[in-house]
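Where a number appears in this text, it was derived from the coordinates with a stated rule and is not lab data. Here the structure is a predicted model, which means the values were calculated and not measured. Neighbour counts run over all protein chains shown; Cβ positions are idealised from the backbone, glycine included.
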Amino acid sequence: MKSAKDLMPCDGPTHRHYRIVHISSAHPVTDSRIFQKQCKTLAASGFEVILIACDSKTIYDKQVRIVTYRRCVNRLGRMLYATLPVLKLAIREDGDLYHLHDPELLITGQLLRLFKKKVVFDMHENLPKALLTKYWIPSHLRVFISTLFKCIQRVLLQRVYIIFAEKSYSEEYNWARDSEVVLNMPLVEHLNSVQATKYAVTTIGYLGAISEGRGLLSMVDAVRTVRNVGFDVQCIIIGADNNNLKGLIENSLRDNGVWGYVNLLGYLPGPHAWQHIAKCHIGFALLKREPNYVQSYPTKIFEYMALGIPVVASNFPLYRSVIEKYRCGICVDPDDIEEISSAIIKLISKPDLAESMGRAGKAAVKRYFNWENEKGKLIAFYDKVLSSR
């Protein structure tokens, strides 16, 4: 098979004429960070981009060539059975650089290195820390598994280039020499194009994966409390229920008397999700004090800000450094329902304050917290990796 450099026209910078293969075994093809931001950015910059991802249907895109394979049904299946099928597809593409997005692909990465391929690993989360709170791991085994994975991960990351999605990750992996921090900031131009009329009833929106650790029950309790003191308020929750919490959610809604006022819309693609959130008056980001959340920016905060709605978020120092500095919301104890409820009531009772916070957040995202400021780091890092020996 000819290389990408033989196939592509020579009408631009020659160092951009490379074939880049992104691989994910867990994320959907349309994942915002992988597809919408990274792959699209690279394709627009002159790279030939292929995305290998697990999906049951064939998907076409004008800029990015998408190769799909059958999804494994569970985590164990991904870890045990994804390596060889993905490796075969990856080798077939004959890429100049392979960009991996899931920890179970690190074995694939080391095998690709045996074929003299350059490999980048994108660390979306600090998994050793995240394992300490995973519900599917017995609590008495979490420290052991976290420590074990940290040791294995260090071995598998040898001679692999690393992109960190958070600055805090790079600080903990200070032994990684060839790395770059590329934050998962929003696509402001997409969010700015969203036009929506607000819901007639005061509505609080949540966008993201659904779990207890991400504040699900706190949101339900806060809506109940605010309604009980006489405020007509509702909540929409948009996101995938990867943890099979539907029964727990429905029971909580019935038990708390908010059935019909908290609406679960499930997973929606970005444009559709943003359309609903833009109609809301407040955005929720009540993540719990789990190690991986405390030190990681939730992209949802910046999406709320870009859509011009004030944020009620956990009072972690990292979140406060944005929300309080730019006066775009209120930080609260994510476990204190009264404090959360008071913040909601304050924003409902003072619409001028809520509006000014929305404007301030939108201005901050436009200037500081956006993908435009991050994509240059991604391309520069690629150029460095591709030019290295």
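Rounded to whole Å and sorted largest first, list the principal axis extents of the Cα atoms in segment 103-226.
Taking the Cα atoms of segment 103-226, the three principal extents are 60, 43, 24 Å.
Given N residues in the chain, what is Rg(Cα) / (2.2 N^0.38 Å)?
Dividing the Cα Rg of the chain by 2.2 N^0.38 Å gives 1.03.
S321 to R289: FRET efficiency via 1/(1 + (r/R0)^6), r the Cβ-Cβ distance, R0 22 Å, to the nearest 0.05?
Details: r = 17 Å, r/R0 = 0.75.
Using R0 = 22 Å, I get an efficiency of 0.85.
Using just the helices of the chain, give the 222 nm mean residue ellipticity in deg cm²/dmol: DSSP H runs with n ≥ 4 each add -39,500 (n - 2.57), and the total is spread over all residues, rounded to 500. Before the final figure, lay out the partial values.
Values: 18 runs with 163 residues, N = 389.
Dividing the helical sum by the residues of the chain leaves -12000 deg cm²/dmol.
Specify the residue with the greatest mean-square fluctuation among A44, A306, A278, computed from a Gaussian network of the chain linking alpha-carbon atoms under 10 Å apart.
Among A44, A306, A278, the largest mean-square fluctuation in the Gaussian network model of the chain belongs to A44.
From the cross-link list K198/K366; K37/K325; K134/K198, which pairs have alpha carbons spaced over 30 Å apart?
Working: K198/K366 22 Å; K37/K325 27 Å; K134/K198 37 Å.
Flagged as over cut-off: K134/K198.
Compute a Gaussian network model of the chain, connecting alpha carbons closer than 10 Å, and tell me which residue from L217, L141, L106 fluctuates the most.
L141
Could you pull the Cα extents of segment 293-382 along its three principal axes, largest to smallest, in whole Å?
On the principal axes, segment 293-382 reaches 48, 27, 17 Å in Cα extent.
Pop the C-beta distance of S387 and V201 into the FRET formula with R0 = 56 Å and round what comes out to the nearest 0.05.
Efficiency for this residue pair is about 0.50.
Need the full-extension length gain, A380 to A209, defined as separation in residues times 0.36 nm minus the C-alpha distance. One decimal, nm. List each step's numbers first, then the result.
Values: separation 171, 0.36 × 171 = 61.56 nm, distance 3.10 nm.
Extending this stretch completely gives an extra 58.5 nm.
Multiply the residue gap between D335 and Y267 by 0.36 nm, knock off their C-alpha separation, and tell me the result in nm, one decimal place. Don't skip to the answer; put the middle values down first.
Numbers: separation 68, 0.36 × 68 = 24.48 nm, distance 2.54 nm.
Net length gain for the segment: 21.9 nm.
Normalise the Cα radius of gyration of segment 189-367 by 2.2 N^0.38 Å (N = residues in it) and let me know the number. Don't jump to the answer; show the numbers that get you there.
Details: Rg = 14.8 Å, N = 179, 2.2 N^0.38 = 15.8 Å.
It is 0.94.
Measuring from centroid to centroid over Cα atoms, what is the spacing of segment 128-195 and segment 312-389 in Å?
20
Could you work out, for segment 217-283, what percent of all Cα-Cα pairs fall into each 10 Å distance bin, beginning at 0 Å and stopping at the bin that holds the largest distance?
19, 50, 29, 2
Collect residues whose amide H, placed 1.01 Å from N in the peptide plane, falls under 5 Å from the amide H of N263; neighbours closer than 5 in sequence don't count.
C235, I236, I237
Would you kindly state how much longer the chain becomes between K350 and S139 on full extension, computed as 0.36 nm times their sequence separation minus their alpha carbon distance, in nm to one decimal? Mind showing how you got there, number by number?
Values: separation 211, 0.36 × 211 = 75.96 nm, distance 4.39 nm.
Residue separation times 0.36 nm, minus the Cα-Cα distance, leaves 71.6 nm.
Quick one: dipole size for segment 189-367, taken about the Cα centre, charges +1 on Lys/Arg Cβ and -1 on Asp/Glu Cβ, in debye to the nearest 20.
Values: 19 positive and 17 negative charges, 117 e Å.
Rounded to the nearest 20 debye, it is 560 debye.
To the nearest 0.05, what FRET efficiency results for Q275 and K116 with a Förster distance of 35 Å applied to their C-beta separation? Walk me through the intermediate numbers first.
On the way: r = 46 Å, r/R0 = 1.32.
Here the calculated transfer efficiency is 0.15.
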